[in-house]
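As structure tokens, the structure follows; a few thoughts come after it.
Each reported figure results from applying straightforward, stated rules to the coordinates on display, with no laboratory input. Just so it is clear, the model here is predicted, and its values are computed rather than measured. When we count neighbours, we look across all protein chains shown, and the Cβ atoms used for this are built from the backbone with ideal geometry, even at glycine.
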Amino acid sequence: MDAEGQEDFREFVANRSSALLKTAVLLSGGDRHAAEDLLQNALIKAAGRWHRIDEPEAYVRQILYRQQVSRWRLKWPRRELSVPELPETGSGTDASSAAELRLVMRAALARLTARQRTVLVLRYFEDLPEADVARLLGCSVGTVRSTTHRSLARLRGLAPELAALGPADAEQQPSRDFSPVEVRP
Amino acid sequence: MNVDELVRDSLREQATEQPPLEPGFADRVLTARRRRRTQALASVAAATAAVVAVAVAVPLLDSGKDDVRLASEMNTSDIIAHPDQTPPRDLIAAGDVALAAYYTWSNVKQTDDRAVAVRTYRLLDQKTGKYVKTTKWSFIDVAPGMRTAAVLEKDLPAKRIGLLNLLTGEVERWIPVDRGVAGVEFSPDGSKLVATTYSKNPDLRYKADYDSDGDGKKNDWMPQFGQSSRTGFYVIDVDSGKGSWSKATYNSNDLNVRQDFDFSHDGKLVYSGLTTAPHMQYYDFEGNEVAKPANERYVHWFNDAGLSPDGKLVGGNGAVLDAYSGKQAAKVHGQRPLAWADNERLVAWYSEPGTNEFHNRLVLITIGSDKVVPLSGFRKGNDGAAGRWTPIFAER
């Protein structure tokens, strides 16, 4: 990378790193250190081909997602998250329960596999349609759909408070592969 | 409330709570990129025999936050060539690699029939960007990023490994070892060292009772082939100085007297060259013999370039091969690849067609192109001649 490229890269990081970090933290299940590592690695890869990238942010995001998924594939021991017990919560439905519920959910999200969490972050934080998630992760739409379904079901199974929640639309479909099939008349 | 609504709310809340990154994150990335120090590594192998004492000092490789710039960072040109210099005096680099050091050989006589082959190094001084002669060390390897070198003192095998700061020229830390070490190599990301242990100095030479080089005189010094005193290897975590030793002797007839271990391309295994088929033996960090990684099937320890950074090609003599199939991917005519500058370019020895093969220079070649960019001047003398320099490359 030449001096001009480095300047350009620094500017990109200064402007976009906070937004990228948010995604990285969510992908890492709230582990800030793991998130910074994840983002650093993605940026290292982007820096390696800086002058050939048209849309740096899209490129870095794709690496973030895919890195996370391939980490899951590789089962890197260091990446196994150690997560504290779910926080104790009151049983009532008082005013504080919504905030408590979000904390319980956060802890439950951290206990999902990286792949499950990545799919949920893409669907519900980035608000991407299933087809875009499939393209980003390099899998079929059916896989995205079934992973979403299983992840939400697992979340509901991780804590009694979550089990009481209503099922999501995505859960009401059976976890079969619904990849579009071309039908010819 | 549905579960997906709560997921959405929780994620958004968690995202908004994040304090911003510290300033300078881009520089942290660029520094880390230079060193390729990926933080997530496979866990250090369970100790087979934990022997290395913990060296207490500030982790050297994390000292990148200071403001002092390395000479190799001041000039980031893609190609830094000195085609008039042999041996080189000023930094040479191309793509991601640089000439970090080079050495010449000489035999120092100990008795009438025994000598030690000694390397005299010229090591990059990161303050000036020049190669500076040093006779202090018997063995050197330079870490990726070229901020640190691992050094061994004279009189091998050595009982400690030094971590030399190339900016200050000072050893910042010593890692003591119980078993004598005569070779050290950094892992591809610079986080580990593999140190080869020997019971005797592997650089001893004995007076041959025949005329080896055909100059009419029986004055040649040779290693005692078939008598390697190699005992095994340490894998050492550079930051903590902790490591473990594994026995790995092999049949000494199949080893050169000096047969050092080095890391596999992904840094997860170590290997030893062998003088007979299968030519290489890989080991895990606990010293168990394991199979070759799939993309190292066509790697030969004798060829310096090895796998391309993306692991898809192998640089061999005269040709670049597909790492998985072994099929020729490109010809590199009359050139000996030494190091990958990136996935498409190699630093190689090159002699002009029709000239003496020993009369060669460092060049940069591009796969699929006839273009040859000279990087250094031509080496003089035949193989083994005094003053003939051997390069050591590192990622810059």
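When each of B:D237, A:D8 is scored by the number of other beta-carbon atoms lying within 10 Å, the sequence from fewest to most is A:D8, B:D237. Here segment A:1-78 is treated with +1 on each Lys and Arg Cβ and -1 on each Asp and Glu Cβ, and its dipole about the Cα centre works out to around 640 debye. Taking the Cα centre of segment A:95-178 as reference, the dipole from Cβ charges on Lys and Arg (+1) and Asp and Glu (-1) amounts to some 320 debye. Each of B:M74, B:M146 was scored by other Cβ atoms within 10 Å of its Cβ. Listed from fewest to most, they are B:M74, B:M146. The shape of segment A:95-178 comes out prolate: with a ≥ b ≥ c from the C-alpha gyration tensor, a/c is at least 1.5 and a/b beats b/c. Given axes a ≥ b ≥ c from the Cα gyration tensor, I'd like to know whether segment B:230-326 is rounded (a/c under 1.5), prolate (a/b larger than b/c) or oblate. In terms of gyration-tensor shape, oblate. Using 0.36 nm per residue and subtracting the Cα-Cα separation, the extra length available between B:T120 and B:A319 on full extension is 68.5 nm.
Entry note, chain B: the mean residue ellipticity at 222 nm calculated from DSSP H runs of n ≥ 4, each adding -39500 (n - 2.57), is -2000 deg cm²/dmol after division by the residues and rounding to the nearest 500.
Using a/c under 1.5 as the rounded threshold, could you call segment A:1-78 rounded, prolate or oblate? The axes a ≥ b ≥ c are square roots of the C-alpha gyration tensor eigenvalues, and prolate needs a/b larger than b/c, oblate otherwise. Here segment A:1-78 falls in the prolate category. Across B:A32, B:A339, B:A100, mean-square fluctuation computed from a Gaussian network of chain B (C-alpha pairs under 10 Å connected) peaks at B:A32. Just checking the listed ones, B:L274, B:L362, B:L163: in the Gaussian network model of chain B with Cα springs under 10 Å, the one fluctuating most is B:L274.
With a 10 Å cut-off around each Cβ of A:37-44, the average count of Cβ atoms from other chains is 5.
Largest mean-square fluctuation among B:V142, B:V181, B:V373, in a Gaussian network model of chain B whose springs join Cα atoms under 10 Å apart, belongs to B:V373. Note on A:154-164: average number of Cβ atoms from other chains within 10 Å of each residue's Cβ is 1. The magnitude of the dipole of segment B:188-302, with charges of +1 and -1 set on the Cβ of Lys/Arg and Asp/Glu and taken from the Cα centre, is near 260 debye. Taking each of B:K133/B:K159; B:K109/B:K331; B:K159/B:K207; B:K130/B:K327 in turn, the alpha-carbon distance tops 32 angstrom for B:K109/B:K331; B:K130/B:K327.
Farthest toward the positive end of the dipole of chain B, out of B:V320, B:V347, B:V116, is the Cα of B:V116, where the dipole comes from beta carbon charges about the Cα centre. Counting Cβ atoms of other protein chains within 10 Å of each Cβ in A:12-22 and taking the mean gives 4. Of the residues B:D342, B:D113, B:D215, the one with the fewest other Cβ atoms within 10 Å heads the list, and the complete ranking is B:D215, B:D113, B:D342. The angle between the Cα long axis of helix B:25-35 and the main principal axis of chain B comes to about 30°, on a 0 to 90 degree scale.
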